[in-house]
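S.K.: Before we start, here is the structure in question, set down as structure tokens.
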Amino acid sequence: MNAIRNRIEIMHGVNLDQLGRRDPAQYGDFTLDQLEVRITSAARELELVPRFFRTNHEGEFVERLHRLEGLADGVVLNPGAWSHYSYAIRDALELAELPAVEVHLSDVDRRESWRRQSVLGELCLARISGKGPAGYREALEHLRKELL
Ligand code: DQA
């Protein structure tokens, strides 16, 4: 058992690996690798230890959540479009029983109406959207307050 609860799983879902090619007005012009470098330095400043996971496959996302027990103390997740409809991911997040924060790079409340819906919302400490990479730092700050 880890006495210090500082291990944060950062999970990127469908199409996030295409950052850099997606609409820069919504998502910026950085790649997912570059985003993860920024998240790593924000996490270090906050004395958190990030571990990254990315996939375009919903079942892999679900299975990663299943395996977090004992390996992570909190979760930051941006499941992409799955956030809006995947009850499978919602149920797996519930099973993980970890403090979680949902992040979206773009401002999902000011885009198409279907993006306003999140099936994960009630399981998360916060839902941060429209703040670009800074939203991940804010998510880590929420978890730090919760865990340390
Ligand atoms: C997103 C917003 C989602 O609506 C969209 O499907 C994505 C990315 C975001 O980070 O802004 O793929 O999660």
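Only the coordinates and a few stated rules stand behind these numbers; no lab work does. Since this is a predicted model, take the numbers as computed values, not measurements. Positions of Cβ are backbone-derived with ideal geometry, glycine not excepted, and every protein chain shown enters the neighbour counts.
S.K.: How far is the Cα center of the range 4-51 from the Cα center of the range 85-148, in Å?
M.R.: Cα centroid of the range 4-51 versus Cα centroid of the range 85-148: 13 Å apart.
S.K.: From the phi of every residue in the range 134-148, what ³J(HN,Hα) in whole Hz does the Karplus formula 6.51 cos²θ - 1.76 cosθ + 1.60 yield, where θ is phi - 60° and glycine or proline is x?
M.R.: 4, x, 6, 5, 4, 4, 5, 5, 4, 5, 4, 4, 6, 9, 9
S.K.: Compute the Cα gyration tensor for the range 41-82, then decide on rounded, prolate or oblate, letting a ≥ b ≥ c be the square roots of its eigenvalues: rounded whenever a/c is under 1.5, prolate when a/b is larger than b/c in the other cases, and oblate in all that remain. All intermediate terms of the calculation are to be shown ahead of the outcome.
M.R.: Working: a/c = 2.91, a/b = 1.58, b/c = 1.84.
Verdict is oblate for the range 41-82.
S.K.: Between F52 and A81, how many nm apart are label points set 7 Å from Cα along the C-beta direction?
M.R.: Result for the modelled spin labels: 2.3 nm.
S.K.: Based on the Cβ-Cβ distance of K131 and R22, what FRET efficiency does E = 1/(1 + (r/R0)^6) give at R0 = 22 Å, to the nearest 0.05?
M.R.: Numbers: r = 17 Å, r/R0 = 0.76.
Once the sixth-power term is evaluated, E becomes 0.85.
S.K.: Starting at the first residue of the range 62-69, write each ³J(HN,Hα) from the Karplus equation 6.51 cos²θ - 1.76 cosθ + 1.60 with θ = phi - 60°, in whole Hz, x for Gly and Pro.
M.R.: Residue by residue, the range 62-69 yields 4, 5, 4, 4, 4, 8, 6, 4 Hz.
S.K.: Further question: Amide H neighbours of A126 under 5 Å, counting only residues 5+ apart in sequence or on other chains, H built in-plane at 1.01 Å?
M.R.: Excluding prolines and chain starts, which carry no amide H, the hits are E102.
S.K.: For the chain, what does the relative contact order come out to in percent, with C-alpha contacts under 8 Å and a separation of six or more? Walk me through the intermediate numbers first.
M.R.: Working: 270 pairs, mean separation 41.9, N = 148.
Relative contact order for the chain comes out at 28 percent.
S.K.: Quick one: which residues, 5+ away or cross-chain, put their amide H under 5 Å from the amide H of V49? H built at 1.01 Å from N.
M.R.: Under 5 Å from the amide H of V49 lie the amide H atoms of R7, I8, each far enough along the sequence or on another chain.
S.K.: Still on this model: Once you place label points 7 Å from the Cα toward the Cβ at E146 and E45, how far apart are they in nm?
M.R.: 2.1
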